[in-house]
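Chemist: A single structure is presented below for examination.
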Amino acid sequence: MPVYNKLVRDRIPEIIKSTGSQCSFKILNYEEYIHSLKQKGFEELNEYINSETNEEAIEELADLLEIIHALAEYHGSSFEKVEDIRKSKLGKRGGFKEKFYLIEVE
């Protein structure tokens, strides 16, 4: 039986059981949860980096957004608040559309 030892989406145990397979899982405490969310973020970012098609890339970006939603909630905030901060920074410092690559500053 494969061993995963990783955070999975809420319905994964139910989906596994619906196929007739068995699985074991535990409910994480808050320290384990935040650690696992951070690990999951790296996992999904790596999958995005290694995506080969636009479809795969968008799928992985959606997974990253789900992690951002969960992390915002964990930190007592919301995705909307994160989005507000993103927009504020966009107004003050811009985004990344111009593709500037800073080499050095004297």
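A short reminder: the numbers here are calculations on the coordinates, not readings from a lab. Please read all numbers here as calculations on a predicted model, not as lab measurements. Here the Cβ positions follow ideal geometry from the backbone for every residue, glycine too, while neighbour counts run over all protein chains shown.
Chemist: What is the extension gain from residue 58 to residue 35, computed as 0.36 nm multiplied by their sequence separation minus the C-alpha to C-alpha distance, in nm to one decimal?
Modeler: Result: 5.8 nm gained on full extension.
Chemist: Counting only pairs 8 or more residues apart or on different chains, how many lysine pairs in segment 1-91 have their Cα atoms under 25 Å apart?
Modeler: Summing the qualifying lysine pairs gives 13.
Chemist: Can you give the relative contact order of the chain as a percent, counting alpha carbon pairs under 8 Å and 6+ residues apart?
Modeler: Relative CO of the chain lands at 17 percent.
Chemist: Which loop chymotrypsin sites (Phe, Trp or Tyr not before Pro) in segment 1-66, with loop taken from DSSP, have no more than 12 other Cβ atoms within 10 angstrom of their Cβ?
Modeler: Hits after loop and neighbour filter: 4, 25.
Chemist: Longest exposed-loop-site-free stretch of the chain, with trypsin sites (Lys or Arg not before Pro), DSSP loop and at most 15 other Cβ within 10 Å?
Modeler: It runs 27-96.
Chemist: Another question about this same structure. Return the label of the correct value of log10 I(q)/I(0) by the Debye sum over Cα atoms at q = 0.16, 0.18 Å⁻¹, as calculated from the structure shown, out of (i) -0.81, -1.01; (ii) -0.77, -0.93; (iii) -0.97, -1.13.
Modeler: Given (i) -0.81, -1.01; (ii) -0.77, -0.93; (iii) -0.97, -1.13, the calculated one carries the label (iii).
Chemist: Oh, and also: For residue 101 paired with residue 28, estimate the spin-label separation in nm (one decimal), with each label point 7 Å from Cα along the Cα-to-Cβ line.
Modeler: 3.5
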